[in-house]
Each structure stands twice: as structure tokens, then as C-alpha cells.
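Report on the following structure.
The values are calculated or read from the model by the stated rules, or taken from the named source; none is laboratory data. Only a predicted model underlies this, so the values are computations on that prediction, with no experimental measurement involved. Positions of Cβ are backbone-derived with ideal geometry, glycine not excepted, and every protein chain shown enters the neighbour counts.
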Amino acid sequence: MENQGKKMLESAQALIKKTAEKLGLKEEMIRRLIEPEMVYEFSFPVKMDNGQVRILKGWRIQHNSALGPYKGGIRFHPETVREEVQALATLMTIKCAVAGLPYGGGKGGVAIDPKKLSSAELERLSREYVKKIAHFIGEDVDVPAPDVNTNPQIMAWMIDEYQKIKGYQSKATFTGKPVSMGGSLGRTEATGRGGVIVLKALLSELVKDGSTKILSRLNSSLTLLKQKVSKNFVSPSFNNQKLKSNNEITIAVQGFGNVGYYFAKIASEAGFKVVAVSDSKGAIIKPKGDKLEALDIPLVMECKKEKGTLAGCYCAGGVCDTKGGKTITNEELLELPVDILVPAALENVINDKNMKNIKAKIIIEMANGPVTEEAYEYLSKKGVIIVPDVLANSGGVTVSYLEWVQNKAGYYWSEEEVNSKLEVMMKKAFEAIWEKASKKKIPLKQAAFEVALEKIVSAMV
Ligand code: GLU
């Protein structure tokens, strides 16, 4: 994983360098955009239930604060290393700028497998981690949030510990909190919801007649998808619309955590045909002849809750069983003949080993860094449209921002209000990037980095 983290960091830095050079930035400015402003690496003790004390390694990396306080999640993962946290902090700087938020980028992590901890151990770990970072975070300094394997409950322990250390209320210092502790309605679903908003915005551009400059690079299978989308749209504007005829545009989602689950659920509600989902143990599909049937996402979730994993789990007609369903591996899911592929788990899953077998025409990067640089280049050249993580999954940090605003104002919005603000902000972010990509005939990722760097640099003196 050290190598994986290193690779991810190198590719984020290389992309910044390449973009910055294209924008004609000076060498010292490029260095400032690449180097993190602060790197905190520490170890800390956590008492286990059996009385033993484990010494854990943790990080908080503050990458860039030109646009505002550092913002970004904290992940608990056994393979987390410094390079990975730094890469993710760098991507947060770009993501916040792409999303139009008044934030810089940061990220935190602890090298631990939280799935092997009891709830009491997890609480002690969360509180000990905060003791380490409390002195250099704050609502106008650095605002952490959930990431891989962390959730509202963990944010609740963290904000509680933070306020005890400080001796005053400061709800806005953490986002992604439970609603009862100042969290925002709609935050839990926000990343998945944002991904679906971006997917719809993309499809609506694909069917617009005059706006197909970027489509000149399209391959024939994407043209087929375009026809499918046109046929299924009530109107090309797609505003809050469901697809006309259900079950036409197929999606496979890798990852059934907070991000993957809500993406799959909201996409099916919008009329897409979600035909495969997976968790870390495996994937499920329901084949019928040479086609794949739609999965009932809420039922699949119920089944996962009951059985612990998705593997071997299939729910049909309210009954959970394996009849009609089939278990495949995560690798096989990525290679399914679907229209849209949504990697929503971990980084580097689409890489030089499987890129030639990817059949989807659109990839929505809901995880951070799921497509390696090599695969990105190969697939883009082939005409696959890849919506980059810094745009596709920015719904989470966008609603984190809305939570922060509500905490600071002491005034709270309804879920509908939050969702409609999210939609407006995501569409605006998408449009800026689409426009740049179409105008310059460059992939969306490159366009996203250009849009972000222009904003960041203009705020740096
Ligand atoms: N961890 C999420 C991300 O990677 C959310 C960060 C936040 O809300 O600050 O975007």
C-alpha cells in the first residue's frame, strides 16, 4: 500500500505540475501548489478492551489554504500511509475549488482496521486521535469530516472530545455529525446524490444537439448510449426528471458503503437500471438470458444487513435468498458490459491490468482515485468519458460546507432546501468543467484541474 499511496501522490502531483505549466505558472508557484503547507505525523496509545495498549500511527495533512480553511475527511484503514493521506489532501484542495467552496484541502488518517475493533475501542481511538489534532484544527483553520470507515457516530465522539479540550462550543469544527449534534439533513446521502446529479447533467449534455464538440472523440458505443439516452429522456434538460422508460441505461456500482449504496439507490429511483453492486467480499448480479436484470437496491441493503455481506446474498420479491442471483468477484463487476461504471470503494481499482477489459462508456469516479493515471489515459483515448473524483464525489464536501454554514449561522434548513442547494452547486461545478473541456477538447479531469488551479492561484499572493 505504501507503493499504491506513493503512486497516487505522484500522479496527483504530476497532474498539478502539467496543468500549472500549461497555465504558464512560475516554478515557485508550482512548488507551492504541490508541497503541503503542514504535515502532522504522530503516534498515540489506545487502550484495547483486554487491557493491552496499542500504539497507532496517525496523520493530518494540511495541503493548501489559499481559498479558506483546510477541509477534508479522516480515514481509518489498515493500509493507510503518509503518501496516501498527502495525495488525498492534495485532491481535496482541487475538489473544494472545483465545487466552488471557500475551503482549502486537508486529510487525516489512522493506520488501523476499525472492523476489528469493538465500539468502545473505536470510541477511545477517535478521542485519542482528536487529542493529537485539537491544537491545530478549528472552524476557521481546519475542518475534518468522515471518510473511508468513519461516520457520523465517530464525528460525534470527535466533536465532543474537541469541545471538552477547548472548553467552548464549536460545532462547525467537524462536519458529517449526527443531525442531533448539529449535522445537516441530507449529509449522509450527499455524496451519492451529488454523483447522480453529475451523471444526469452529463447525459443531458450528451443529448444536446449543438453541444457536442467534446463528442467528436466519441466512439460508436458512446453514440449508441447517446441514442439510448435521447430515447429515454422526457426532455433534454433533465431537470429533476426521471427517465421515461425504466430499465434501459445500465449501471454497475463497486462498493456498497455510504457512497455506493446511496448512489445506487438514488440512481434507481431516478430510473437507471442498477444491475450489479458489490462490497469488499464480492459482487452480485441477476442474469436473465444474455441480459442483466435490475437489482432492488433497498432490498439488497436489507439482505446485507441481515447476512453481513453481499456475497451469496440476493433479495427478490421481499425474500432474501440466492435464487436467480449470482455472486461474482469485484474484478468481474468492473468488466461487466454496462453503460456506466461507478467505482465507489477504494483507489487504483481500474489500472493497467484490467483497463483493456473495461466495457463501460462512462465511468463516474465516486471513490477517490479509483482509476490510475495509465488507465485514465488509455480509456480516455478510447473515447470513454470519465467524470473525475474531484467533481463526481464533491457532493459530500458540498453538504459539509452547508452544514458548516448552518452551524455558524445557528439557522437550519430542511432536507429539501439542502438537496436543492446541492443540486444548484453541483450543476454549476459540472457546467464550468464541461465548458472548459468542450472548448479545449480535453478530458474532464484535466479541465477540472485547470478550473481549480486558476481559482487557487488567483487567491495566492
Ligand atoms: N471525505 C469526503 C471527501 O473525500 C468528504 C470530506 C468533507 O466533507 O470534508 O470528499
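Does I433 satisfy the condition of being over 18 Å from P102 (Cβ atoms), out of contact with any Ser or Thr (no Cβ under 8 Å at 6 or more places or on another chain) and at pLDDT below 95?
Values: over 18 Å from P102 (Cβ atoms): yes; out of contact with any Ser or Thr (no Cβ under 8 Å at 6 or more places or on another chain): yes; at pLDDT below 95: no.
Answer is no for this residue.
Since T19 meets every condition but one in (1) without any contact (Cβ under 8 Å) to a residue 60 or more places away in the chain; (2) over 25 Å from I154 (Cα atoms); (3) polar (S, T, N, Q), which condition does it not meet?
(1)
Answer yes or no as to whether A392 is modelled with pLDDT of 95 or more, within 14 Å of the ligand (Cβ to nearest atom) and more than 27 Å from M155 (Cα to Cα). Give the steps one after another, and end with the answer.
Numbers: modelled with pLDDT of 95 or more: yes; within 14 Å of the ligand (Cβ to nearest atom): yes; more than 27 Å from M155 (Cα to Cα): no.
No, not satisfied.
Taking G383 as the residue in question, decide whether it is away from the ligand (no atom under 16 Å from the Cβ), closer than 30 Å to A14 by Cβ and at pLDDT below 95.
Working: away from the ligand (no atom under 16 Å from the Cβ): yes; closer than 30 Å to A14 by Cβ: yes; at pLDDT below 95: yes.
For G383, the condition - away from the ligand (no atom under 16 Å from the Cβ), closer than 30 Å to A14 by Cβ and at pLDDT below 95 - is met.
Within the set of pairs 6 or more residues apart or between chains, which connect a residue that is under 23 Å from E41 (Cα atoms) inside the stretch 79-103 to a residue that is within 11 Å of the ligand (Cβ to nearest atom) and of a type in the set (D, E, K, R) with Cβ atoms less than 6 Å apart?
V85/K107; L88/K107; A89/K107; M92/K107; Y103/K71
Which of the residues belonging to the stretch 360-380 are in contact with a strand residue (DSSP E or B) (Cβ under 8 Å, 6 or more places away or on another chain), among the charged types (D, E, K, R) and more than 16 Å from the ligand (Cβ to nearest atom)?
Matches in the stretch 360-380: K361 only.
If we keep just the residues of the stretch 128-161 that are in a loop (DSSP other than H, G, I, E, B) and out of contact with any strand residue (DSSP E or B) (no Cβ under 9 Å at 6 or more places or on another chain), which is farthest from the ligand (Cβ to nearest atom)?
Ranking the qualifying residues of the stretch 128-161, first place goes to D140.
Could you list, in sequence order, the residues of the stretch 42-86 that are surrounded by fewer than 23 Cβ atoms within 10 Å (Cβ to Cβ) and among the small types (G, A, S)?
Within the stretch 42-86, S43, G51, S65, A66, G68 qualify.
Which of the residues belonging to the stretch 1-17 are exposed (fewer than 12 other Cβ atoms within 10 Å of the Cβ) and not acidic (D, E)?
Scanning the stretch 1-17 gives a single hit, N3.
I'm trying to understand the selection: among the residues of the stretch 395-412, which are within 13 Å of the ligand (Cβ to nearest atom) and more than 19 Å from V141 (Cα to Cα)?
Within the stretch 395-412, G395, G396 qualify.
Among the residues of the stretch 48-77, write down those that are assigned to a loop (DSSP other than H, G, I, E, B), farther than 13 Å from I456 by Cβ and in contact (Cβ under 8 Å) with a residue 60 or more places away in the chain.
Initial filter on the stretch 48-77 (assigned to a loop (DSSP other than H, G, I, E, B)): 48-52, 65-69.
Keeping just the survivors that are farther than 13 Å from I456 by Cβ gives 48-52, 69.
Answer for the stretch 48-77, where residues must be assigned to a loop (DSSP other than H, G, I, E, B), farther than 13 Å from I456 by Cβ and in contact (Cβ under 8 Å) with a residue 60 or more places away in the chain: M48, D49, P69.
Kindly indicate the residue of the stretch 89-121 that is under 26 Å from V387 (Cα atoms) and aliphatic (A, V, I, L, M) and also farthest from the ligand (Cβ to nearest atom) among those meeting that condition.
A97
Out of the residues in the stretch 162-177 meeting the condition of being among the polar types (S, T, N, Q) and part of a helix (DSSP H, G or I), tell me which one is farthest from the ligand (Cβ to nearest atom). So that I can check it myself, show each step before the final result.
Residues of the stretch 162-177 among the polar types (S, T, N, Q): 163, 169-170, 173, 175.
With the extra rule that they be part of a helix (DSSP H, G or I), the set shrinks to 163, 173.
Values: Q163: 19, T173: 12 Å.
Only one residue fits best here, namely Q163.
Name the residue, out of I350, I340, I364, that is more than 26 Å from G105 (Cα to Cα) and surrounded by 24 or more Cβ atoms within 10 Å (Cβ to Cβ).
Just a single option satisfies the conditions, and that option is I340.
Got a sec? Which of S180, S184 is away from the ligand (no atom under 16 Å from the Cβ) and either hydroxyl-bearing (S, T, Y) or within 21 Å of the chain's Cα centre (by Cα) (or both)?
Exactly one of S180, S184 is away from the ligand (no atom under 16 Å from the Cβ) and either hydroxyl-bearing (S, T, Y) or within 21 Å of the chain's Cα centre (by Cα) (or both), namely S180.
For the structure I just gave you, tell me whether V338 is out of contact with any Asp or Glu (no Cβ under 6 Å at 6 or more places or on another chain), among the hydrophobic types (A, V, I, L, M, F, W, C) and modelled with pLDDT of 90 or more.
On the way: out of contact with any Asp or Glu (no Cβ under 6 Å at 6 or more places or on another chain): yes; among the hydrophobic types (A, V, I, L, M, F, W, C): yes; modelled with pLDDT of 90 or more: yes.
Spelling it out, V338 is indeed out of contact with any Asp or Glu (no Cβ under 6 Å at 6 or more places or on another chain), among the hydrophobic types (A, V, I, L, M, F, W, C) and modelled with pLDDT of 90 or more.
Residue pairs, Cβ under 8 Å, 6 or more apart or interchain, first in the stretch 355-377 and touching a residue at least 12 places away in the same chain (Cβ under 8 Å) and over 21 Å from K6 (Cα atoms), second surrounded by 24 or more Cβ atoms within 10 Å (Cβ to Cβ) and of a type in the set (G, A, S). List them.
A360/A252; I364/G195; I364/A392
For the stretch 78-88, enumerate the residues that are away from the ligand (no atom under 12 Å from the Cβ) and outside any loop (DSSP other than H, G, I, E, B).
R82, E83, E84, Q86
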